[in-house]
Amino acid sequence: MSFSRFPPSFNRRGFTLVEVTLVIAVLLGLISVLFLGVTAYKNGSDRSICIQNISNVQKAVRSYANLNLKSYGDTVANLKDEIIGAGQFFPNDPVCPAGGTYTYGGDTIPNISFAYMSCDVTGHEPKTTNSW
């Protein structure tokens with residue numbers, strides 16, 4: 001016969017409700033930090049893709065101007081349609097991954113350092129367009 005110094009409730013193995021609650025709270029805290037990091041990563045990625053779209057359209061405008069002997073400030077009827085469409089530089093309109101709307105610069109070839117296209121999402125503008 002075995003005798004224990006402690007009452008039977010102290011011999012049980014396992015976790016108490018407080019310990020389990022504490023572990024769950026710590027895990028939820030770590031998961032929330034993970035979600036914040038993923039959200040920041042996604043926002044940065046969306047911004048980068050959007051700026052890349054703006055840059056690519058700008059390069060297409062410059063290429064069109066060079067191929068057709070156009071200068072800065074020249075007017076081209078339906079310039080956007082000359083760049084975007086079947087058989088053009090872009091087969092389809094670029095899409096902002098954050099759901100923004102692109103605004104095109106009309107029918108005039110822009111001067112250097114002026115972007116032809118812009119996005120309406122805050123922060124989706126390039127820091128500099130000096131060489132554009």
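Details
- Residue satisfying condition, being among the hydroxyl-bearing types (Ser, Thr, Tyr), free of Cβ contacts under 8 Å to residues at least 40 places away in the same chain and assigned to a loop (DSSP other than H, G, I, E, B), within set Thr128, Thr39, Thr103: Thr128
- The stretch 73-114, residues that are of a type in the set (A, V, I, L, M), touching a helix residue (DSSP H, G or I) at 6+ places or on another chain (Cβ under 6 Å) and closer than 13 Å to Lys59 by Cα: Ile83, Ile109
- All conditions but one from (1) over 19 Å from Cys50 (Cβ atoms); (2) surrounded by fewer than 18 Cβ atoms within 10 Å (Cβ to Cβ); (3) out of contact with any Pro (no Cβ under 9 Å at 6 or more places or on another chain) apply to Gly85; the one that does not is (3).
- Scanning the stretch 116-132 for residues that are surrounded by 15 or more Cβ atoms within 10 Å (Cβ to Cβ) and either within 15 Å of Tyr64 (Cβ to Cβ) or hydroxyl-bearing (Ser, Thr, Tyr) (or both) yields Tyr116, Met117, Ser118, Thr129, Trp132.
- Checking each residue in the stretch 64-86 for being in contact with a Lys or Arg (Cβ under 8 Å, 6 or more places away or on another chain) and in a helix (DSSP H, G or I) picks out only Tyr64.
Values quoted throughout were computed directly from the atomic coordinates according to the rules given, and no laboratory measurement underlies them. Given the structure is predicted, the values throughout are model-derived calculations rather than measurements. Neighbour counts are summed over all protein chains in view; Cβ atoms, including those assigned to glycine, are modelled from backbone coordinates with ideal geometry.
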